[in-house]
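Notes follow the structure.
The values are calculated or read from the model by the stated rules, or taken from the named source; none is laboratory data. What you are looking at is a predicted structure, and each value in this text was computed from that prediction instead of being measured. Cβ sites come from the backbone with ideal geometry, for glycine too, and all protein chains shown count toward neighbours. Protein only, heavy atoms only, side chains kept; ligands, DNA and RNA dropped before computing areas. Shrake-Rupley method; radii C 1.70, N 1.55, O 1.52, S 1.80 Å.
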Amino acid sequence: MNKTRSNTLFISEVAVFSALAYLLDFLAGILSLKIWPQGGSISIAMVPIFLMAYRWGIKGGLLTGFILGLLQFILGFAQIYTIIQGIIDYFIAFTVVGLAGVFARQIKQSYDNGNRGTWVTYVVLGAFIGSLFRYACHVVSGAVFFGEYAPKGQPVMVYSLLYNGTYMLPSFVISAIIVVLVISAMPKKMLIQQKKWEDNRKVG
């Protein structure tokens, strides 16, 4: 795969997966609005970000997450109360999900070698790291900007930890399971061709 073709494929996949992530988050947000009135939902919107992070590495994950946040801003789905809160809850929170790509090479290598237990472990670990960073962003935003909604006598940080945890934990678990199933079902070359292209560049 030459560099021009790879760049074109990368940009195309970022656009498609970002749009898919937005659609998934939009549908989840509609269904969950009454449960989490200050924002948040049990969503599988992180799945496309994780897949891009594992296929293209951190750059793919970060860019896909960033564009997801941008789409939420542009299309008016985001619940923005202040500019800083919006930046934290959308641009930063979804961008850092792409940090799951830190294990992209290990996943591709173990997948290529047929070590299912190893690549599944790295997939779940990467999903946990991406979800954890996103969760941290929402917790900070919740404590700073939504403290007024905390029950009387409850520390705002505790309120934010619990509130955001109620949707982030199941979102992480469900997303990790779906990613493992998707990778298991996809043709082998779809995951490892980028790794081979990178290896060939180094050799050249």
* Structure fact -> Under the 7 Å Cα-to-Cβ spin-label approximation, residue 186 and residue 16 lie apart by a distance in nanometres of 1.0 nm
* Asked: Tilt of helix 58-74 relative to the longest C-alpha principal axis of the chain, in degrees (0 to 90, nearest 10)?
  -> 40 degrees
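Given R₀ = 22 Å, what would the calculated FRET efficiency be for residue 118 paired with residue 87, taking r from the Cβ atoms and rounding to 0.05?
So, using R0 = 22 Å, E works out to roughly 0.05.
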* **Label-reachable residues, the stretch 44-87, where backbone N falls under 11 Å from a point 7 Å from residue 27's Cα toward its Cβ** => 44-45
* Go through 177, 166, 110 and say which Cα lies farthest out towards the positive end of the charge dipole of the chain; charges sit on Cβ, +1 for Lys and Arg, -1 for Asp and Glu. => 110
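Largest first, what is the accessible-area ranking of 191, 169, 71 with a 1.4 Å probe? If you can, show how the numbers build up before the last one.
Numbers: 191 5, 169 110, 71 45 Å².
Result of the area sort, largest leading: 169, 71, 191.
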* Asked: By how many degrees, between 0 and 90 and to the nearest 10, does the Cα long axis of helix 116-145 differ from the longest principal axis of the chain?
  -> 30 degrees
* Estimated 222 nm signal from helices in the chain, with DSSP H stretches of n ≥ 4 weighted -39500 (n - 2.57), rounded to 500 -> -24500 deg cm²/dmol
* To do: Highest first, please rank the peptides 47-60, 147-160 by the mean number of other Cβ atoms sitting within 10 Å of their residues.
  => 47-60, 147-160
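One quarter of the convex hull surface, Cα atoms only: what value does that give for the chain in nm²?
Details: hull surface 47.2 nm².
If I average the Cα hull's projected area over directions, I get 11.8 nm².
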* To do: Rounding to the nearest 20 debye, state how big the charge dipole of the chain is about its Cα centre with +1 on each Lys and Arg Cβ and -1 on each Asp and Glu Cβ.
  => 780 debye
* Asked: For the Cα atoms of the chain, what angle does the longest principal axis make with the long axis of helix 46-56, in degrees from 0 to 90, nearest 10?
  -> 30 degrees
* Once Lys and Arg get +1 and Asp and Glu get -1 on their Cβ, which of 87, 29, 124 lies farthest toward the positive end of the dipole of the chain? -> 124
* Structure fact -> The answer for the stretch 51-204, accessible area per residue at 1.4 Å probe in Å², is 48 Å²
* Asked: Taking the simple approach of a point 7 Å from Cα along Cα-to-Cβ for both residue 7 and residue 169, what is their distance in nm?
  -> 4.6 nm
* Structure fact -> Whole-percent carbon and sulfur contribution to the accessible surface of the chain (1.4 Å, no ligands, DNA or RNA) stands at 70 percent
